[in-house]
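Presented below is the structure to which this report refers.
What follows draws every value from the coordinates through simple rules; no lab data is involved. Predicted model only: the values in this text are computed from it and were never measured. Here the Cβ is made from the backbone with ideal geometry for all residues, glycine too, and neighbour counts use every protein chain on show.
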């Protein structure tokens with residue numbers, strides 16, 4: 001259904017004929033960690049996430065799962081002991 005509270009005119013899963021069923025009756029604005037994400041929408045009442053009604057909860061345990069502005073850290077490959085590697089390859093033959 002279309003939102004009638006904060007995100008007027010956008011499709012919302014929490015909106016019913018009785019109004020917004022999300023806790024508090026409306027979505028919460030973005031937090032500082034969300035700034036720069038491409039999933040932010042600007043409305044008359046402020047900036048809100050297009051996906052989550054309460055973005056602060058997504059940042060509690062680390063990175064938001066759909067944050068587009070956060071780069072993943074790639075770990076370096078683990079060093080392999082050449083002696084063990086040669087023994088493993090000889091067993092496979």
Checklist outcome for this item: Footprinting proxy, 45, 89: sorted fewest to most Cβ within 10 Å, the residues are 89, 45
Item to check | Length-normalised contact order of the chain in % [C-alpha pairs under 8 Å, at least 6 apart] | outcome: 18 percent
Next on the checklist: Using a 10 Å cut-off around each Cβ, can you sort 37, 49 from fewest to most neighbouring Cβ atoms?
Outcome noted: 37, 49
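Given 0.36 nm per residue, what is the gain on full extension from residue 87 to residue 71 after removing their alpha carbon distance, in nm? Provide the component values of the computation, followed by the final result.
Numbers: separation 16, 0.36 × 16 = 5.76 nm, distance 3.78 nm.
Extra length from residue 87 to residue 71 when fully extended: 2.0 nm.
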Checklist entry - Taking Cα atoms, how many degrees apart are the long axis of helix 82-92 and the longest axis of the chain, rounded to 10 and kept between 0 and 90? => result 90 degrees
Checklist entry - Can you give the calculated 222 nm mean residue ellipticity of the chain, where each DSSP H run of n ≥ 4 adds -39,500 (n - 2.57) and the sum is split over every residue, rounded to the nearest 500 deg cm²/dmol? => result -4000 deg cm²/dmol
Checklist entry - Can you list the residues of the stretch 4-37 with backbone N under 15 Å from a point 7 Å past the Cα of residue 59, pointing along Cα to Cβ? => result 28-37
Checklist outcome for this item: the stretch 48-77 and the stretch 19-35 have their Cα centres apart by a whole-number Å value of 16 Å
